[in-house]
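Would you mind keeping the following structure in view while I ask a few things?
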Amino acid sequence: MEINWRDYHSGDFYDELISSPGHPRKVARQLAKHLAGLSSEEIAERKHSAELAIKTMGISFTVYSEAGNIDRAWPFDIIPRVIAHKEWLHTEKGLIQRLQALNCFIDDVYNEQRIVKDKVLPAELLADSVNFRPECVGMKPALGVWAHICGSDLIRDNDGRFYVLEDNLRVPSGVSYMLENRKVTKRIFPELFENHNILPVTEYPSQLFDTLAAISPRPLEFPEIVVLTPGIYNSAYFEHSYLAQQMGVELVEGSDLVVEDDHVFMRTINGLARVDVIYRRIDDLFLDPQMFNPDSVLGVPGLMRAWLKGNVAIANAPGAGVADDKVIYTYVPQMIKYYLGEDPILPNVPSYLCVDKKQRDYVLENLDKLVVKPANESGGYGMLIGPQSSKKEREEFAARIKAQPRNYMAQPLISLSTTPIIGSKNAEPRHIDLRPFVLQGRHSSVTAGGLTRVAMRKGSYVVNSSQGGGSQDTWVVVEEDK
Amino acid sequence: MLSRVAERIYWMGRYMERCENAARLINVNTKLLLDLPRGVSVGWGTLVEIMGLDDYFSRDTQNADERSVMRFMLADTHNPSSLLTSMANARENARITREIMPSEVYELINDTYWYLNDYASGAVARRERHLLLEAVIQRVQQFTGMLAGCMSQNDAYSFIRLGRNLERADMTSRIVDVGASRILPKAVEDNSANEPYSNILWMSVLRSLSGYQMYRQHVLDRVNAEDVVMFLFQDPLFPRAVEHCLSELTDCFAKLPNSDQALHEVAALRRQLKGADFAALMDSGLHDYIDTVQSEIAAIHQAIAATWFLPQVQVSA
């Protein structure tokens, strides 16, 4: 196929590259022209080399299925998604502001709980939160930071603005694929990097290392940092090992660690070695069988005690997931005002809380127009997509909402923006989202762009890679004034 | 480094070496069969016996034909030592430890796995087989070279070398055993004028270890059983000789912490090898002698595991 932008129609949706058939956006003009100049053989050849590179580099993700775990090649489309630098600067500020407020919030709820006493957040919302860990009350982690790494999902609506869809504060993944997407694109389109001023993404592993080093309980020593993985069968194992490799630190499993005298050690060929910082990629409830799930063999007995005594730092801190709650999410704009005294730079998607009588009535009357989400599920489970639902499903959801209003919130169905992918005859529009990664330690930083996930099926909103979603390299491009 | 990682990377070294040795063995057996006259019963089943796989091979090794043995040795995923299985095991161990080696090395292993996965079952015919086996040998050599050239000579590197040399010592002793104890007596029975075939046999043993030229330079005599056995067991300079592999182990142990027990084991075996009277052993008892060498090699492995690897995880009550 060859690409002809005049025949590319994204319909009513905001398209990232093409503003109207035949007219690329200013920031994407050079890229669009270059792509349109490629012959069908050249496009097929680039596509093939990308597939080959992904296979050889072993860029994979694990899918759970009935037949066991299967390693799949990472799904990738060769057309890059483009964001203008000026717009990104604004978004970046908004993300940093957001994570700072979230960290103030987490620190507050495990200590003074001022936000509840001042009635900015209703007390019952916190009391009913399933990710609130009473074990963490009174803890004061280094720098007051609980969530050191945050992956926020951004979407762009018809109006062309970025909205925050959710914040992932537990074990957000995907950053390794962002880095590998760039490597693959450099291999197959080296010429594009000469003609475009594209912000690099390669600094992330050193920024992550610095963030982790900043919270070491032994600031005078060179910090011993480890990445804690549940093991090779975890869907994000590739990423765990990739980050350990890029940071030059050990990748450990629970069985490699042992707690003695409330200090954490790892078993090495030299004997036990002290561990200072754990970048954990396993959920709270599996961290320590002595404190949480006693059946878990993934964690380390005694780890929580060592953490509470301040002898080891854990990122993200246990309990940070309290702010991951979709009901708490609706309060982030208020948090920004309350803790930072600033106006939120990035808007939330408009949301309705079922726990509030007036908002609940609105939700119940408009179930056919709204998306209803449970407060604490992830991965898109247990949702009602109103416009695509049956009358029976809506009745069921209405009953559930009435029974447990705290557990539900609703949002209008957002018309996710589109971007072109290589189709069978021409470039074709597909819906996308964006997950930038935000770090907060002594300093804050945001990746230049992030991981763009693409719903590969026409018309679909499902961007999740285990359900057939794909990805594209994400460029933040500095425009030259001409 | 972590004990678990040390264990994984040691096995990666062993499996990579096992692939290369298996490829060499299949290659040389093919050539040997072309050289020997009809009636000499060096069959394809010998390959299965050398690898110690009689239990897994579902057919009679005496009457095994080329096609089924080749399929079993190259691509059978139920065979724990087929080329494909060994490479899959090497890759799995490399995948778990990929953060500690240069990424090009992981890519090479991964790529070789995919190559075997795609082509091994189609390489039963001799011509394609030869190309495939040469490619495997070259890639494992490339793996060794990349590590020597690009990886810090740290503890992790020592564990890869340990795995490689222990596997290599084991395989060399196995090949000599098969030549001396299994093939030769049969060839003698089948053919009263055995002398020329005995030479062909020992030449092919040397060739399977790429050692023919090195042997000629070193021994300065025509190929004969006793000298070949001594060369392959006692030569300190030829990289595939057992003594050389053991000196590599000594070298690695000296760089690692807490290595007393392992050093003790390897020193005992080296003393034993040095004192062995191969002239006497050739007449009788070589097979039994090689058996004791192999159990000593297993003891060295046990010492390595007990000293450095992760203790079996105790599930607390």
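The values are calculated or read from the model by the stated rules, or taken from the named source; none is laboratory data. Predicted model only: the values in this text are computed from it and were never measured. Using ideal geometry, Cβ is built from the backbone for each residue, glycine included, and neighbour counts are taken over all protein chains shown. Note: accessible area is taken over every heavy atom of the protein model, side chains too, but ligands, DNA and RNA are not part of it. Shrake-Rupley method; radii C 1.70, N 1.55, O 1.52, S 1.80 Å.
For every residue, the table says whether it meets (1) part of a helix (DSSP H, G or I); (2) within 14 Å of chain B (Cβ to nearest Cβ); (3) open to solvent by 40 Å² or more (accessible area, probe 1.4 Å); (4) at pLDDT 95 or above.
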{"site": "A:ARG29", "(1), (2), (3), (4)": "yes, no, yes, no"}
{"site": "A:LEU35", "(1), (2), (3), (4)": "yes, no, no, yes"}
{"site": "A:GLU45", "(1), (2), (3), (4)": "yes, no, yes, yes"}
{"site": "A:LEU52", "(1), (2), (3), (4)": "yes, yes, yes, no"}
{"site": "A:LYS55", "(1), (2), (3), (4)": "yes, yes, yes, no"}
{"site": "A:GLY58", "(1), (2), (3), (4)": "no, yes, no, no"}
{"site": "A:PHE61", "(1), (2), (3), (4)": "no, yes, no, no"}
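Can I ask one more? Only one of these conditions is not met by A:GLN411: (1) under 15 Å from the mean Cα position of the chain (by Cα); (2) at pLDDT below 95. Which number is it?
Status for A:GLN411: all satisfied but (1).
Identify all residues within the range A:420-430 that are modelled with pLDDT of 95 or more and not aliphatic (A, V, I, L, M); write none if there are none.
If the condition is that a residue be modelled with pLDDT of 95 or more and not aliphatic (A, V, I, L, M), then A:PRO420, A:GLU428, A:PRO429, A:ARG430 are the ones that fit.
For the range A:455-482, enumerate the residues that are β-branched (Val, Ile, Thr) and under 29 Å from A:ALA315 (Cα atoms).
Those that are β-branched (Val, Ile, Thr) and under 29 Å from A:ALA315 (Cα atoms): A:VAL463, A:THR474, A:VAL476.
Quick check, is B:TYR157 hydroxyl-bearing (Ser, Thr, Tyr) and crowded, with 20+ Cβ neighbours inside 10 Å?
No; evaluated as a whole, the condition is false for this residue.
How about the range A:365-382: which of its residues are within 28 Å of the chain's Cα centre (by Cα) and either at pLDDT below 85 or more than 24 Å from A:ASN168 (Cβ to Cβ) (or both)?
Passing the criteria: A:LEU367, A:LYS369, A:ALA375, A:ASN376, A:GLU377, A:SER378, A:GLY379, A:GLY380, A:TYR381, A:GLY382.
Against the definition (basic (Lys, Arg) and assigned to a helix (DSSP H, G or I)), how does A:LYS358 come out, yes or no?
yes
Looking at B:GLU66, B:GLU17, B:GLU7, can you tell me which residue is under 30 Å from B:PHE159 (Cβ atoms) and touching a Phe, Trp or Tyr at 6+ places or on another chain (Cβ under 7 Å)?
After ruling out the rest, the residue left standing is B:GLU7.
On the given criteria, is A:PRO318 within 14 Å of chain B (Cβ to nearest Cβ), in a loop (DSSP other than H, G, I, E, B) and not β-branched (Val, Ile, Thr)?
Taking the combined requirement at face value, the residue does not satisfy it.
Please find, among A:ALA73, A:ALA84, the residue that is touching a strand residue (DSSP E or B) at 6+ places or on another chain (Cβ under 7 Å), surrounded by fewer than 20 Cβ atoms within 10 Å (Cβ to Cβ) and within 14 Å of chain B (Cβ to nearest Cβ). Show your work before the answer.
Numbers: A:ALA84 fails: within 14 Å of chain B (Cβ to nearest Cβ).
Being touching a strand residue (DSSP E or B) at 6+ places or on another chain (Cβ under 7 Å), surrounded by fewer than 20 Cβ atoms within 10 Å (Cβ to Cβ) and within 14 Å of chain B (Cβ to nearest Cβ) holds for just one of A:ALA73, A:ALA84, which is A:ALA73.
I need the full set of residues from the range A:13-24 which are open to solvent by 60 Å² or more (accessible area, probe 1.4 Å) and within 20 Å of A:ASP433 (Cα to Cα), in order please.
Passing the criteria: A:PHE13, A:SER19.
Kindly indicate the residue of the range A:379-431 that is closer than 30 Å to A:ALA36 by Cβ and among the polar types (S, T, N, Q) and also surrounded by the most Cβ atoms within 10 Å (Cβ to Cβ) among those meeting that condition.
A:THR419
Turning to a different aspect of this structure: Out of all the residues in the range A:13-29, is one or more in contact (Cβ under 8 Å) with a residue 40 or more places away in the chain and either of a type in the set (Ser, Thr, Tyr) or more than 25 Å from A:VAL201 (Cα to Cα) (or both)?
Yes.
So which helices (runs of 4 or more DSSP H) are wholly in the range B:102-179 and hold at least 3 residues that are small (Gly, Ala, Ser)?
Working: elements: B:103-119, B:126-150, B:155-177.
Those helices (runs of 4 or more DSSP H) span B:126-150, B:155-177.
If you go through the range A:258-280, how many residues are at the interface with chain B (Cβ under 10 Å from one of its Cβ atoms) and open to solvent by less than 10 Å² (accessible area, probe 1.4 Å)?
2
Also, quick follow-up: Would you mind listing the helices (runs of 4 or more DSSP H) fully within the range B:43-98 where at least 2 residues are open to solvent by 30 Å² or more (accessible area, probe 1.4 Å) and away from every other protein chain (no Cβ under 14 Å)?
The qualifying helices (runs of 4 or more DSSP H) are B:66-74.
Related question: Name the residues in the range A:139-190 that are among the small types (Gly, Ala, Ser) and more than 14 Å from the chain's Cα centre (by Cα), would you?
Correct list: A:ALA142, A:GLY144, A:GLY160.
Further question: Any idea which residue in the range B:184-199 is nearest to B:MET282 (Cα to Cα), counting only those that are crowded, with 18+ Cβ neighbours inside 10 Å and at pLDDT 65 or above?
Applying the filter and picking the extreme gives B:SER198.
Would you confirm, using the coordinates I've provided, whether A:ILE328 is part of a helix (DSSP H, G or I), at pLDDT below 95 and buried (at least 19 other Cβ atoms within 10 Å of the Cβ)?
For A:ILE328, the condition - part of a helix (DSSP H, G or I), at pLDDT below 95 and buried (at least 19 other Cβ atoms within 10 Å of the Cβ) - is met.
Looking at the range A:238-250, can you tell me whether even one residue there is within 16 Å of B:SER3 (Cβ to Cβ), of a type outside the set (Ser, Thr, Tyr), assigned to a strand (DSSP E or B) and away from every other protein chain (no Cβ under 11 Å)?
No, every residue in the range A:238-250 fails to be within 16 Å of B:SER3 (Cβ to Cβ), of a type outside the set (Ser, Thr, Tyr), assigned to a strand (DSSP E or B) and away from every other protein chain (no Cβ under 11 Å).
Of (1) at pLDDT 95 or above; (2) within 14 Å of another protein chain (Cβ to nearest Cβ); (3) surrounded by fewer than 20 Cβ atoms within 10 Å (Cβ to Cβ), A:VAL227 satisfies all except one. Which?
(3)
Taking into account only those residues within the range B:99-111 that are open to solvent by less than 20 Å² (accessible area, probe 1.4 Å) and under 17 Å from A:ASP71 (Cα atoms), which is nearest to the other protein chains (Cβ to nearest Cβ)?
Here the answer is B:ASN110.
From A:ASP288, A:ASP295, grab the single residue that is within 14 Å of chain B (Cβ to nearest Cβ), open to solvent by less than 10 Å² (accessible area, probe 1.4 Å) and either free of Cβ contacts under 8 Å to residues at least 40 places away in the same chain or of a type in the set (Phe, Trp, Tyr) (or both).
A:ASP288
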